[in-house]
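Below is one structure; the comments refer to it alone.
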Amino acid sequence: MDHHRMDIHGVEAPLCLEGGMIPQSNYRWLSTIETVTLRNWRELMRRIIIATLLGGLIVFVWSAISHMMLPLGSMGMNMEKLPGEAAFLTDMKDTIPESGMYFLPGMDTSITDVQAQWDDAAKRMEAGPVAFLVVQRDGAPAMDPMQLLYEFITNVIAALIAAVLIANVAGSYFKRILLITSLGLFAWMTVETSQLIWYGFPPEYMLAQGIDHLVGWFLAGILIAGIVKSRTTPAPQAVAVSADHA
């Protein structure tokens, strides 16, 4: 008896394993799985791409709404002009050597002993005020189109991570939505809350950021979990191999 199988191109090929031939009745599922797996993979990639683009767009649009149309964008942040602001900005430009991130009061490098540097800075911090500055000495556009583009690109990349993750998870639609929403919670807990702990960011600001992350990724999760279906694992029959087939 000849033992062959059809490969995914429809060409017969013998199928042998050490110790004997695989019976025709037991190895037919192999070619079926190969064909189905290739078809499923292409469909999965298509769904991931669609979910990535649309999910990133949803997060981008929600972020624009939350920052420009809702009070979330200004919670914990004083946007009013300060008394003497012009002179203050002039002094900053004359004092700060280059654009960058600064923490005030800074370390006095004229003090050679490291412990003495820390003690001096600690005293000045306790006396106040304390400031965390991100300075652009040469100014910046109020709304640069490239900033919007970069924001959209980062949202799409984040949506791609969510789509790939959800493609490898089996579970109900609601559970997969919760999983994607938890990515927003994870980002908030690992990044935003540290700014509150170490740099004194206002609690209102942190609350607004948490709402922004959770709502944005909940909305994206509704779409991504609906497009990228739950993972399923085929369960083929066991292959019996015998050395005594004629």
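Values quoted throughout were computed directly from the atomic coordinates according to the rules given, and no laboratory measurement underlies them. This structure is a prediction, so every number in the text was calculated from the model and none was measured. Don't worry about glycine lacking a Cβ; one is built from the backbone with ideal geometry, like all the others, and counts go over all protein chains shown.
Three principal axis extents of region 48-95 based on alpha-carbon atoms, in descending order, are 52, 24, 13 Å. As a proxy for reagent exposure, ranking Trp198, Trp217 by other Cβ atoms within 10 Å from fewest up yields Trp198, Trp217. Summing charges over all other residues whose Cβ lies under 15 Å from the Cβ of Ile49, with Lys and Arg as +1 and Asp and Glu as -1, gives +3.
Let me know the shape class of region 171-215, please: from the alpha-carbon gyration tensor, a ≥ b ≥ c as square roots of the eigenvalues, rounded when a/c is under 1.5, otherwise prolate if a/b is greater than b/c, or oblate. Here region 171-215 falls in the prolate category. If you take all other residues with their beta carbon under 11 Å from the beta carbon of Gly221, and give Lys and Arg +1 and Asp and Glu -1, the sum is +2. For chymotrypsin sites (Phe, Trp or Tyr not before Pro), no site in region 86-129 is both called loop by DSSP and has at most 12 other Cβ atoms within 10 Å. For region 69-112, a simple Cβ point-charge model (Lys and Arg +1, Asp and Glu -1, everything else neutral) yields a dipole of about 140 debye relative to the Cα centre. Global size of region 28-161: 25.5, 82 Å for Rg and Dmax (C-alpha atoms, Rg to one decimal, Dmax whole).
Charged neighbours of Gly100, selected by a Cβ distance under 14 Å, balance to 0 (K, R count +1; D, E count -1). Spin-label model, Lys175/Ala122: points 7 Å from Cα along the beta carbon direction are separated by 5.0 nm.
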